[in-house]
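Novice: Following this message is one structure expressed as C-alpha cells.
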Amino acid sequence: MYPARSLFLACALTLASTLSGLAADGPNLVKNSDFEKAGNDARAAAEFSLKGDATRRYAGSQYEFSSMGIALDSANDLSGDRKHEGSVSQDVPIGDTLPGRWFRLSVRGLPEEGFKLTGDDLHLKADFFSDGGKKSLDGVTRKIYPLIVQERKDFGANGVRRRGGAATWRTYAFEFRLPFPDIDQVRVSVGFRGGAGQGRDTAFLVDEMKLVAIPIPADAPEVAGIRPAQPAKVDPSTLSRVAGLWYYQAEKGEKLDARLLVTEKNSARLFFKDGNGRYLNPFAENMTAWLRKGYLDVEGNLVSQDELRNDNVTVSFDSTSMIVHARNLPNHPTAKFPSPAGSGDRNPSYIQEHDYTYHIPLEPERNPSAKAMDRNNANRALPMGAIGIAINGVVFYNPFDAGMTDATDLMDRCCGHPSPDNRYHYHKYPVCVKSPFGDEGKEHSPLIGWAFDGYPIYGPYEASGEMAKDSKTNPLNDFNIHKDATRGWHYHVTPGKFPYIIGGYWGQVDRRNMPSGPPRVAGGPGGPGGGFGPPGGGPPGGMPGPPPVIRAIDTDGDGTLSADEIAVAAKSLKTLDRDGDGRLAGDEIHPPGRGPGGPGFGGFGPGGPPPGGPPGFGRPPGGAPFE
C-alpha cells in the first residue's frame, strides 16, 4: 500500500539458521558475535581480526533498523594493497565438547546488489589448530557465492518491482567434525577473493557469527565430512506426542502434561512431524525479538531504548488447536517506519508491539466450498488483514492493499511493512524468517508458518532444483496448495508469482482468528487521540488523519509544518506523483480507501492508543484495521 524505497530493495531466499536445532546444541563460542563492541578504532571489531577489504560499520542505512556488522567490500581497495579480497576471523578455543566433536559454523549475511566476484570464492572456513593455536593441522571450507548466484536467479522476481530479490539477510552455515582429537582451537572466518563490484552497494554484509557444538548427526558419515543442510532426524523413542503432529522431547525428570507451555527456553524440544521420520522444530530461535528504539510498545508509547522480548511468541495446546500467543515483533532487520524523510517511501505507520492469540487447527478439515482469489480478489476469497502466521509470530496478509492493488512491491528488504494499526506483516514469501534448518533448494523446503485453516505453509522448493510453482509432476492449484504422500495437503509460497503465499483457504478456518467488528486504528505516541495535531489533541478512536498532501509536506511527522518543510513543499509533493506525469490526479491526492470517510491514519502524528485501553495479552485478533 505504500511505494517502495529504491534504497531498501529486495526479498529473496529464506533465512536458514541452525540446521539440526536439537536441545543439546551448545552455546555460541564466538565472542562479540554481533560485532557491537568496537576494537581499537570504530572500523575494527573487538575479538576479531580483519584483513584486506573488510571494515566494521553499520550494516543497514539511515532508512533501516539494523545493527553493526562487517562489510566485505568487493569494489573498493580499503587496504590499499591493490587486491580485491578480505576476511574477518576469530580464534576460538575448544574446551570440553560433545561426543563426536561435531560443530556448526554459521554467519548471517546479506549480499548487496552490487556485490560481485570474478570467481566463486566467497567462503566460510574453519581452520584447526593444536598446542594452543601454535600448530596448524587442517581445515574445511564451504564456498557460498554459488548459492548467492542461484538465489539471484531464483528470487530476483521476489524483490521490489521484481528486481533485487536476493539482497536480503539469510544465514549461511555448514556442519563439520574435528578430524583429530588434539585440536584445541578453531579459527572461524568468512572471506572473499576476486572482488569485481562496481558502483554502490557492493559489500557482503555480516552481522552475526556463530560456532556451536552439536550432537552427532543421525546420518553422520564415519569419516570427517561436510553434509548439506537438512532438518533434524530424531529418535522417535525420545519423543512424546503432544497433539496432532506435534511431539515433545522432555528433559530428564520433566513431566509432560496438558499444561505444556513452550517458550524460548524449551522451543528446541518441540517437534513437528514432517513425514518419513523427518522432524522439524520451527519455533527454535524464533520466539524472542527486540522491541527496537523507534517502535511503539503495546501501550502505544514510543520506545526510547531497545528491549528484549523473550515472550514474543509462546505456544500451548488444547484438544483441537495449537494456541500461539504473539507480540508480532519481527526478529530480523526491517526498514525504519514511519518512513524517514528522503527515503522515497511514505508509510506513516509504526512497528508496534501487540498481544494477539491465534488458534491453529491441529487436524485441518477440507472445505468443500473453498474458493480461490481472482486477480483482484473481487470474490473476497481471502479477507483483508491477517490470514495466517509465520513461525516468528508475524502475520501473513493477502497480496492486496486497501485499494485492491498488488502490495507485494511495497515491502522492505525482508518483505514486510506495518499497516495503519501499526501491525508489521508479510504480503509474500518472508525471506528473513529464521528457520532452525537450511533451505538451499536441494530438497523439499521446510515449514515457515500456517494459514488460519491449519494447513502448513512451506518455502518455495518442491524438490532439488525445482520450485513448487514450476512443478509439472505435482503442480500447485490456484490456492497454492497440493498434496503428497509425505505431508498431505500443504501450501507453498511462490516467489514472484501470484498469489505469493496462499490463494484462498483450502480448509475450514477457525473463526476465532477472523476479524470481528469495524476496523480500529491504533494511534501514535503521545496522549489520547488519533488525528493530526498536538498530543491529546483530537477525539479518541482513530479519527481520519491529514490529507496525503499534508502528510507529504510534514516530512518529520510532528503534526506541524515548519518553515523548512514549507520551503521544500513542491519537492515533497512530488512523492505523491506515482505515475510521474508532473501532475497530481485525484486518486493520487486521495488514494482509494484513504479519503474522507475511509480508514484514517490514526497513528500519523502524536496521537495515542485506541479507546478502551491497551489490548491485553491473548487479545483475539479481531477488529484490526485492514490494509
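Novice: Suppose the filter is closer than 24 Å to ARG511 by Cα, touching a His at 6+ places or on another chain (Cβ under 8 Å) and modelled with pLDDT of 85 or more; does HIS482 pass it? Quick ask: steps written out before the conclusion?
Specialist: Working: closer than 24 Å to ARG511 by Cα: yes; touching a His at 6+ places or on another chain (Cβ under 8 Å): yes; modelled with pLDDT of 85 or more: yes.
Yes; evaluated as a whole, the condition is true for this residue.
Novice: Sticking with this structure for a sec: So PRO333 ticks every box in (1) open to solvent by less than 30 Å² (accessible area, probe 1.4 Å); (2) farther than 25 Å from CYS432 by Cα but one. Which box is left unticked?
Specialist: (2)
Novice: Could you tell me whether the stretch 453-466 includes any residue that is in contact with a strand residue (DSSP E or B) (Cβ under 6 Å, 6 or more places away or on another chain) and polar (S, T, N, Q)?
Specialist: No, the stretch 453-466 contains no residue that is in contact with a strand residue (DSSP E or B) (Cβ under 6 Å, 6 or more places away or on another chain) and polar (S, T, N, Q).
Novice: Restricting to the stretch 154-201, name every residue that is under 30 Å from LYS497 (Cβ atoms), in a loop (DSSP other than H, G, I, E, B), open to solvent by 10 Å² or more (accessible area, probe 1.4 Å) and modelled with pLDDT under 85.
Specialist: Those that are under 30 Å from LYS497 (Cβ atoms), in a loop (DSSP other than H, G, I, E, B), open to solvent by 10 Å² or more (accessible area, probe 1.4 Å) and modelled with pLDDT under 85: ARG161, ARG162, GLY164.
Each row is one residue, and each column tells you yes or no for (1) crowded, with 19+ Cβ neighbours inside 10 Å; (2) in contact with a strand residue (DSSP E or B) (Cβ under 7 Å, 6 or more places away or on another chain); (3) hydrophobic (A, V, I, L, M, F, W, C); (4) assigned to a helix (DSSP H, G or I).
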{"residue": "VAL107", "(1), (2), (3), (4)": "yes, yes, yes, no"}
{"residue": "LEU110", "(1), (2), (3), (4)": "yes, yes, yes, no"}
{"residue": "GLY114", "(1), (2), (3), (4)": "no, no, no, no"}
{"residue": "ASP138", "(1), (2), (3), (4)": "no, yes, no, no"}
{"residue": "THR141", "(1), (2), (3), (4)": "no, yes, no, no"}
{"residue": "GLN150", "(1), (2), (3), (4)": "no, no, no, yes"}
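Novice: Could you tell me whether the stretch 329-342 includes any residue that is within 19 Å of the chain's Cα centre (by Cα), closer than 21 Å to GLU307 by Cβ and among the β-branched types (Val, Ile, Thr)?
Specialist: Yes.
Novice: Among (1) open to solvent by 20 Å² or more (accessible area, probe 1.4 Å); (2) touching a residue at least 24 places away in the same chain (Cβ under 8 Å); (3) over 22 Å from ILE216 (Cα atoms), there is one condition PRO236 misses while meeting the rest; what is its number?
Specialist: For PRO236, the exception is condition (3).
Novice: Looking at SER6, SER33, SER17 in this structure, which one is open to solvent by 20 Å² or more (accessible area, probe 1.4 Å), within 30 Å of TYR295 (Cβ to Cβ), modelled with pLDDT under 90 and not hydrophobic (A, V, I, L, M, F, W, C)? Working first, answer last.
Specialist: Values: SER33 fails: modelled with pLDDT under 90; SER17 fails: open to solvent by 20 Å² or more (accessible area, probe 1.4 Å).
Just a single option satisfies the conditions, and that option is SER6.
Novice: Moving on. Could you list, in sequence order, all residues of the stretch 72-86 that are open to solvent by less than 30 Å² (accessible area, probe 1.4 Å) and polar (S, T, N, Q)? Spell out the reasoning first.
Specialist: Going through the stretch 72-86, the residues open to solvent by less than 30 Å² (accessible area, probe 1.4 Å) turn out to be 72-75, 86.
SER74, the sole residue that qualifies.
Novice: Mind checking which residues of the stretch 352-368 are buried (at least 22 other Cβ atoms within 10 Å of the Cβ) and outside any loop (DSSP other than H, G, I, E, B)?
Specialist: Going through the stretch 352-368, the residues buried (at least 22 other Cβ atoms within 10 Å of the Cβ) turn out to be 352-354, 356, 358, 360, 364.
Correct list: GLN352, TYR356, TYR358, ILE360.
Novice: Please return the ranges of strands (runs of 3 or more DSSP E) entirely within the stretch 424-500 where 2 or more residues are open to solvent by 10 Å² or more (accessible area, probe 1.4 Å) and free of Cβ contacts under 8 Å to residues at least 40 places away in the same chain.
Specialist: Values: elements: 424-426, 447-451, 456-458, 461-463, 481-484, 488-492.
Qualifying strands (runs of 3 or more DSSP E): 461-463, 481-484.
Novice: Which of the residues that make up the stretch 116-136 are in contact (Cβ under 8 Å) with a residue 40 or more places away in the chain and assigned to a strand (DSSP E or B)?
Specialist: Residues satisfying the conditions are LEU117, LEU122, HIS123, LEU124, LYS125, ALA126, ASP127, PHE128, PHE129, SER130.
Novice: Out of all the residues in the stretch 50-71, is one or more open to solvent by 70 Å² or more (accessible area, probe 1.4 Å) and aliphatic (A, V, I, L, M)? Outline the logic, then answer.
Specialist: So the first thing to find is which residues in the stretch 50-71 are open to solvent by 70 Å² or more (accessible area, probe 1.4 Å), and the list is 51, 57-58, 62.
Next, from what is left, pick out any that are aliphatic (A, V, I, L, M): none.
No, the conditions are met nowhere in the stretch 50-71.
Novice: Output yes when any residue across the stretch 322-330 is closer than 30 Å to ASP453 by Cβ and free of Cβ contacts under 8 Å to residues at least 40 places away in the same chain, and no when none is. Talk me through it step by step, then tell me what you get.
Specialist: We begin by selecting, within the stretch 322-330, every residue closer than 30 Å to ASP453 by Cβ; these are 322-330.
Now narrow it down to the ones that are free of Cβ contacts under 8 Å to residues at least 40 places away in the same chain: 323.
Yes, some residue in the stretch 322-330 is closer than 30 Å to ASP453 by Cβ and free of Cβ contacts under 8 Å to residues at least 40 places away in the same chain.
Novice: Also, quick follow-up: Does GLY294 count as open to solvent by less than 60 Å² (accessible area, probe 1.4 Å), farther than 20 Å from ALA390 by Cα and out of contact with any strand residue (DSSP E or B) (no Cβ under 6 Å at 6 or more places or on another chain)? Before you say what the answer is, go through the steps one by one.
Specialist: Values: open to solvent by less than 60 Å² (accessible area, probe 1.4 Å): yes; farther than 20 Å from ALA390 by Cα: yes; out of contact with any strand residue (DSSP E or B) (no Cβ under 6 Å at 6 or more places or on another chain): yes.
Yes: the conditions hold for GLY294.
Novice: What is the residue count in the stretch 53-85 for residues that are assigned to a loop (DSSP other than H, G, I, E, B) and closer than 16 Å to HIS332 by Cβ?
Specialist: In the first step, residues of the stretch 53-85 are kept if they are assigned to a loop (DSSP other than H, G, I, E, B); the result is 53, 59-63, 66-67, 74-85.
Applying the additional criterion that residues be closer than 16 Å to HIS332 by Cβ yields 59-61, 63, 66-67.
So the answer is 6.
Novice: Of these, SER321, SER349, SER316, which one is more than 21 Å from PRO430 (Cα to Cα) and open to solvent by less than 20 Å² (accessible area, probe 1.4 Å)?
Specialist: Numbers: SER349 fails: more than 21 Å from PRO430 (Cα to Cα); SER316 fails: open to solvent by less than 20 Å² (accessible area, probe 1.4 Å).
The unique qualifying residue is SER321.
Novice: Name the one entry in ASP412, ASP406, ASP401 that is under 22 Å from the mean Cα position of the chain (by Cα) and open to solvent by 30 Å² or more (accessible area, probe 1.4 Å).
Specialist: Numbers: ASP412 fails: open to solvent by 30 Å² or more (accessible area, probe 1.4 Å); ASP401 fails: open to solvent by 30 Å² or more (accessible area, probe 1.4 Å).
The unique qualifying residue is ASP406.
Novice: Looking at SER79, SER66, SER106 in this structure, which one is touching a Lys or Arg at 6+ places or on another chain (Cβ under 9 Å) and touching a residue at least 60 places away in the same chain (Cβ under 8 Å)? Spell out the reasoning first.
Specialist: On the way: SER79 fails: touching a residue at least 60 places away in the same chain (Cβ under 8 Å); SER66 fails: touching a Lys or Arg at 6+ places or on another chain (Cβ under 9 Å).
Of SER79, SER66, SER106, the one residue that is touching a Lys or Arg at 6+ places or on another chain (Cβ under 9 Å) and touching a residue at least 60 places away in the same chain (Cβ under 8 Å) is SER106.
Novice: Answer yes or no: is there a residue in the stretch 258-268 that is modelled with pLDDT of 90 or more, more than 26 Å from LYS37 (Cα to Cα), buried (at least 22 other Cβ atoms within 10 Å of the Cβ) and not β-branched (Val, Ile, Thr).
Specialist: Yes, there is a match, as at least one residue in the stretch 258-268 is modelled with pLDDT of 90 or more, more than 26 Å from LYS37 (Cα to Cα), buried (at least 22 other Cβ atoms within 10 Å of the Cβ) and not β-branched (Val, Ile, Thr).
Novice: Here's a follow-up. Being modelled with pLDDT under 85, open to solvent by 20 Å² or more (accessible area, probe 1.4 Å), under 30 Å from ALA45 (Cβ atoms) and touching a Phe, Trp or Tyr at 6+ places or on another chain (Cβ under 6 Å) narrows it down to one residue among ILE216, ILE226; which is it? Don't jump to the end; show me each part of the working.
Specialist: Working: ILE216 fails: under 30 Å from ALA45 (Cβ atoms).
Going through ILE216, ILE226 in turn, just one is modelled with pLDDT under 85, open to solvent by 20 Å² or more (accessible area, probe 1.4 Å), under 30 Å from ALA45 (Cβ atoms) and touching a Phe, Trp or Tyr at 6+ places or on another chain (Cβ under 6 Å): ILE226.
The values are calculated or read from the model by the stated rules, or taken from the named source; none is laboratory data. Here the structure is a predicted model, which means the values were calculated and not measured. When we count neighbours, we look across all protein chains shown, and the Cβ atoms used for this are built from the backbone with ideal geometry, even at glycine. These accessible areas exclude ligands, DNA and RNA; they are computed on the full protein's heavy atoms, side chains included. Shrake-Rupley method; radii C 1.70, N 1.55, O 1.52, S 1.80 Å.
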